[in-house]
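None of the figures in this text is laboratory data; all of them are computed from the coordinates on show. Just so it is clear, the structure is predicted and the values come from calculations on it, not from any experiment. For neighbour counting, all protein chains shown are included, and Cβ atoms are generated from backbone atoms with ideal geometry for every residue, glycine included.
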Amino acid sequence: MLEDSVHKILSQEIKRITPCKMEGEIELEVSFLNSGMAEATLFIPGVVLIEPNRVRYAAKDIIEAYKMRTALTTLAASVL
C-alpha cells in the first residue's frame, strides 16, 4: 500500500517538473590540486591558464563543456 501511494504521488509530481535547458556558450573553469595538473591540460586548443592551478575553456554548448571537463580531468590525472 505504501509503495502504491509513493508511486502515485511521484507520478503526479514528475509531470510538474520541467528540465533545465542550458543553451549557448558555456564558460568552464576547472581548478586542480597543483600547477602541473593544470599545465598538462594546455595541450587542448582553447584551454587558457588563468591561475597556476586553474584553467578556463569556452565551450559552444553544455555537451561540449561536459566532454571537455572529462578530457581535462583525464589529462590532469595523468600527472599523478
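So I have [x] 44, 26, 25; [y] 57, 30, 17; [z] 63, 37, 12, and one of them is Cα extents along the principal axes in Å calculated from this model. Which one is it?
Among [x] 44, 26, 25; [y] 57, 30, 17; [z] 63, 37, 12, the one calculated here is [y].
Take Leu75, Leu42, Leu10 and order them by how many other Cβ atoms sit within 10 Å, fewest up front. Kindly include the intermediate steps, with their values, before the conclusion.
Numbers: Leu75 19, Leu42 12, Leu10 9.
Going from sparsest to densest Cβ surroundings: Leu10, Leu42, Leu75.
Just subtract the alpha-carbon distance of Ile9 and Leu33 from 0.36 nm times their residue separation and send over the number in nm, one decimal.
Values: separation 24, 0.36 × 24 = 8.64 nm, distance 4.40 nm.
Separation in residues times 0.36 nm, less the Cα-Cα distance, equals 4.2 nm.
Across the chain, where is the longest run that never hits trypsin sites (Lys or Arg not before Pro) in a DSSP loop with at most 11 other C-beta atoms within 10 Å? Display every interim value, and only then the final one.
Values: sites that count: Lys15, Arg16, Lys21, Lys60.
Counting at most 11 other Cβ atoms within 10 Å as exposed, the longest clean stretch of the chain is 22-59.
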